[in-house]
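S.K.: The structure under discussion is supplied below as structure tokens; questions concerning it will follow.
The values are calculated or read from the model by the stated rules, or taken from the named source; none is laboratory data. Remember, it's a predicted structure, so these values are computed and weren't measured experimentally. Don't worry about glycine lacking a Cβ; one is built from the backbone with ideal geometry, like all the others, and counts go over all protein chains shown. When the accessible area is computed, the model is the full protein with side chains, heavy atoms only, and any ligands, DNA or RNA have been set aside. Shrake-Rupley method; radii C 1.70, N 1.55, O 1.52, S 1.80 Å.
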Amino acid sequence: MEPITLAILTTLVLLAGGGVTQAARQRRRAIERAKLRQALRVSRPVGNTRVSIFDVYWDLGASSWALELMHHHNLLPSTEDAIFGAWSRLEDLVAGHGSYDAFLEDSLEAIGEFFSEHREVGSRRQLPALSYEDRRLLEVDATPAGDAAEDDNLPVLRRAGSGVPSPQEARQRRALRGDTRSGGNWGAALGLSERGSAIFDVDRIGNLDAAAVLGAFVSGDLGRRLEQWWKMRRVRQLRDALDEELSDFYAFYADIVHRTPDFYAPLYDASCRWRDEATRQRFDRKRRDWRGERWGEAADLLSEDAVALAEALAERAFKNTHDTIETLHAHAARGQVAMAGYLVYLNAHAFFAGRHPEYADRMRRVDFATHRLQEELRKLRDEGVL
């Protein structure tokens, strides 16, 4: 064989072998990366809570500053096996501070020493969520309706900053990293609670449909059912009064929407905030301040997951708002104006607070009508009618 031909064949064999080796190396690296990502995501008991290494990164603001602090505490493993050392150090840190919240607060104060303007970051509270219900439920022996609206649920614009939350905001971020809030406990607006009191479907109380009449006739219980129906007459009247107030509330809402072209814009602010957060994190990833660090792989993975979570929160906020508004309008289009008004009532603070203060009078009228209906239901329940 010619020397030149032999040299060419030898080169091709070496190149082919190198390609196979490179492919095997890439597969091995991908597997190791996947294992490290999984290790960073796994949550374990720490103090009185359960968190993952990613949770710590997210709660500290998901920024380069958070990574630097975590590196300082040796909480960024370079391999899957090193995760156990990170867990041990986190447990010691939390135990030394007394609680996970105390550890977060101290850590954020430390970050603040490096970034004095981190307090300028706007609210990172739980996602403002509108609420929609399929039925209008009413509880007897309920807490006052006004108590449900004490927590401000309006979106708050976030000024540009480091991305580092305050301690209180960090605690609120914690509620977002799981699927902990797709909607608030808005049912409390009409007196719903978790105390186990009697719950009534507002649209069904007082009705006696044909099936119920036939069943009572067959069972010989028709007389009692008719007496019950008669005693429920007052309930039906009060329900109709509540329907009228809710219908008026919807008319109030529809008029404002008609006169305010950008009425819904503030309701999508939460989605915009989390889109901005995802963009900030992408810039962090692009800069890669941790380039060349031994823990750079963990930083890359944490950053990728934080971007994905911010985008998911933005999508969830948008969908929640959009679905609620569309559901409200669908009820009105089907002629279920009272139900549409009920949804306006549930979300009144998000719709009107800070922009249309006159809505408070409508709220009080609905509250009063609700209270009267609750009182009548309570009376009938005590009499054994319900």
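S.K.: Please tell me if residue 83 is touching a Pro at 6+ places or on another chain (Cβ under 6 Å), at pLDDT 85 or above and β-branched (Val, Ile, Thr). Before the answer, list the steps.
M.R.: Values: touching a Pro at 6+ places or on another chain (Cβ under 6 Å): yes; at pLDDT 85 or above: yes; β-branched (Val, Ile, Thr): yes.
When the stated conditions are applied, residue 83 passes them.
S.K.: Then there is this: Within the group 241, 270, which residue is assigned to a helix (DSSP H, G or I) and at pLDDT 90 or above? Talk me through it step by step, then tell me what you get.
M.R.: On the way: 270 fails: at pLDDT 90 or above.
Matching residue, one of 241, 270: 241.
S.K.: Pick from segment 21-69 the residues that are of a type in the set (Ser, Thr, Tyr) and closer than 30 Å to residue 105 by Cα: which of them is most open to solvent (accessible area, probe 1.4 Å)? Before you say what the answer is, go through the steps one by one.
M.R.: From segment 21-69, those of a type in the set (Ser, Thr, Tyr) are 21, 43, 49, 52, 57, 63-64; that's our starting set.
Subset that is closer than 30 Å to residue 105 by Cα: 43, 49, 52, 57, 63-64.
Working: 43: 45, 49: 29, 52: 2, 57: 4, 63: 1, 64: 17 Å².
So, considering only residues that are of a type in the set (Ser, Thr, Tyr) and closer than 30 Å to residue 105 by Cα, the one most open to solvent (accessible area, probe 1.4 Å) is 43.
S.K.: Would you say residue 80 is under 14 Å from residue 303 (Cβ atoms) and surrounded by fewer than 23 Cβ atoms within 10 Å (Cβ to Cβ)? Please lay out each step first, then the result.
M.R.: Values: under 14 Å from residue 303 (Cβ atoms): no; surrounded by fewer than 23 Cβ atoms within 10 Å (Cβ to Cβ): yes.
So residue 80 does not fit the description; no.
S.K.: Which ranges mark the helices (runs of 4 or more DSSP H) fully within segment 277-386 that have 1 or more residues being under 29 Å from the mean Cα position of the chain (by Cα) and surrounded by fewer than 16 Cβ atoms within 10 Å (Cβ to Cβ)? Write out each step before concluding.
M.R.: Details: elements: 296-333, 337-346, 348-352, 359-382.
Output list reads 296-333, 359-382.
S.K.: Within segment 252-260, identify whether any single residue is surrounded by 18 or more Cβ atoms within 10 Å (Cβ to Cβ) and either modelled with pLDDT of 65 or more or more than 29 Å from the chain's Cα centre (by Cα) (or both), and answer yes or no. Lay out the reasoning, then the answer.
M.R.: At the first step, the residues of segment 252-260 found to be surrounded by 18 or more Cβ atoms within 10 Å (Cβ to Cβ) are 252-253.
With the extra rule that they be either modelled with pLDDT of 65 or more or more than 29 Å from the chain's Cα centre (by Cα) (or both), the set shrinks to 252-253.
The answer is yes, given that some residue of segment 252-260 is surrounded by 18 or more Cβ atoms within 10 Å (Cβ to Cβ) and either modelled with pLDDT of 65 or more or more than 29 Å from the chain's Cα centre (by Cα) (or both).
S.K.: Here is a further query. Tell me, please, whether a residue that is over 29 Å from the mean Cα position of the chain (by Cα) and small (Gly, Ala, Ser) can be found in segment 62-84.
M.R.: yes
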